[in-house]
Amino acid sequence: MALTQDIFATYKGPRRVVSRFLAQGRNEVRALLFVLIAGVLMFIAVAPYQAREAQLDPAVPFEARLYWSALFYILIVPLMIYLFAAIIWGLARIARRQITGYEIRFTLIWALLATTPIMLLMGLTAGFIGPSIQLQAIGLIWLLVFVWFWISGLLIADGASK
């Protein structure tokens, strides 16, 4: 199935998509590819806001803003995701859950990738409207959907581990 179809199917039922991915076995290459795709899409999502800010404050050129955004979203965010997943894995060990580190990583990465369409909308809103109640509302929607996808994936992965 195409990645875009998987993302669309996640909005209908995240458990089915995650269980299908996890049933295919451990695939670190896929997880790394998905986190890099999510990073690139997040970078694209912030580009309109960076253009707006460069127009309002020309002290920092648009190219410099894009450079630092790319560095952050394509390099730093994936490292932070892996670190956060390791912390959650440690907490799962303390709680005596049988979920693996890969399953935690993959469900976190998939939740992030599956919510990138909302991030793209958030980026357009930030670019056109700027900081506003609309941007906060879309950010809240993104957070709720992200948590829904991640918790659903963790529940499937924890059930599959037993």
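The values are calculated or read from the model by the stated rules, or taken from the named source; none is laboratory data. These numbers were taken from a predicted model, which means no experiment stands behind them. We place every Cβ from the backbone using ideal geometry, glycine too, and count neighbours over all the protein chains shown.
Figures for the structure shown
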quantity: Matching residues, region 92-120, being among the polar types (S, T, N, Q) and either out of contact with any Phe, Trp or Tyr (no Cβ under 6 Å at 6 or more places or on another chain) or part of a helix (DSSP H, G or I) (or both); calculated: Gln98, Thr100, Thr107, Thr116
quantity: The listed residue being in a helix (DSSP H, G or I), surrounded by fewer than 16 Cβ atoms within 10 Å (Cβ to Cβ) and at pLDDT 95 or above, out of Leu83, Leu41; calculated: Leu83
quantity: Residue satisfying condition, being surrounded by fewer than 14 Cβ atoms within 10 Å (Cβ to Cβ) and part of a helix (DSSP H, G or I), within set Arg15, Arg65, Arg52, Arg20; calculated: Arg20
quantity: Count - residues of region 59-106 that are within 22 Å of Ala157 (Cβ to Cβ) and of a type in the set (Phe, Trp, Tyr); calculated: 5
quantity: Members of region 40-87 that are closer than 18 Å to Gly139 by Cβ and either in contact with a strand residue (DSSP E or B) (Cβ under 6 Å, 6 or more places away or on another chain) or polar (S, T, N, Q) (or both); calculated: Gln50, Ser69
quantity: Residues within region 121-162 that are basic (Lys, Arg) and either in a helix (DSSP H, G or I) or closer than 20 Å to Glu53 by Cβ (or both), tallied; calculated: 0
